[in-house]
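Encoded as structure tokens, the structure appears first; notes follow it.
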Amino acid sequence: QVQLVESGGGLVQPGGSLRLSCLASGIGFSRAAMGWYRQAPGKQRELVGTIRSAGSTTYTDSVKGRFTISRDNAKNTVYLQMNNLKPEDTAIYYCNAEYIARPYWGQGTQVTVSS
């Protein structure tokens with residue numbers, strides 16, 4: 001059974017930082033492409049960024065220079081380091097795994113950026 005469990009969300013002031021974690025089980029993590037998505041109220045889910053098995057990363061333009069995705073294959077965990085957070089980053093953040101041509105999703109973690 002595949003499970004992706006996100007953690008690390010919360011309330012932060014504008015300009016602050018958070019680090020999200022996603023612990024994966026039930027897949028060959030080192031061979032999976034991992035991604036972070038987010039969904040703000042009233043909006044469609046959007047891709048934040050991805051990290052491939054070899055470690056290469058991509059980011060959506062709105063987070064470039066502020067967010068960093070990394071992975072620790074020994075811990076079956078992918079991270080999303082978010083710096084200089086803005087109110088428009090407020091959303092539920094979801095972890096995604098692409099493994100053997102199938103997508104898997106976590107339950108999401110809420111990030112709220114507000115003063």
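The values are calculated or read from the model by the stated rules, or taken from the named source; none is laboratory data. Since the structure is predicted, the reported quantities are computational estimates derived from the model, not experimental observations. We place every Cβ from the backbone using ideal geometry, glycine too, and count neighbours over all the protein chains shown. Protein only, heavy atoms only, side chains kept; ligands, DNA and RNA dropped before computing areas. Shrake-Rupley method; radii C 1.70, N 1.55, O 1.52, S 1.80 Å.
Points to keep in mind about this one:
- Of all residues making up the range 17-39, the number that are part of a loop (DSSP other than H, G, I, E, B), surrounded by 14 or more Cβ atoms within 10 Å (Cβ to Cβ) and either small (Gly, Ala, Ser) or out of contact with any strand residue (DSSP E or B) (no Cβ under 8 Å at 6 or more places or on another chain) (or both): 1
- Taken as a whole, the condition of being open to solvent by 30 Å² or more (accessible area, probe 1.4 Å) and modelled with pLDDT of 95 or more does not apply to ARG66.
- Yes/no for THR60 being out of contact with any Lys or Arg (no Cβ under 8 Å at 6 or more places or on another chain) and surrounded by 15 or more Cβ atoms within 10 Å (Cβ to Cβ): yes
- Selection count, the range 85-99, where residues are closer than 22 Å to ARG31 by Cα and without any contact (Cβ under 8 Å) to a residue 60 or more places away in the chain: 0
- Residue within the range 42-49 that is exposed (fewer than 14 other Cβ atoms within 10 Å of the Cβ), part of a loop (DSSP other than H, G, I, E, B), at positive phi and over 11 Å from the mean Cα position of the chain (by Cα) present: yes
- Cβ-Cβ distances below 9 Å connect the following pairs, each with a first residue in the range 57-84 that is farther than 21 Å from SER115 by Cα and in a strand (DSSP E or B), a second residue that is among the charged types (D, E, K, R) and open to solvent by 60 Å² or more (accessible area, probe 1.4 Å), and a separation of six or more residues or different chains: THR58/ARG52; TYR79/ARG19; LEU80/ARG19.
- Unmet criterion (only one of (1) of a type outside the set (S, T, N, Q); (2) at pLDDT 95 or above; (3) over 14 Å from GLU98 (Cβ atoms); (4) surrounded by fewer than 16 Cβ atoms within 10 Å (Cβ to Cβ)) for ARG52: (3)
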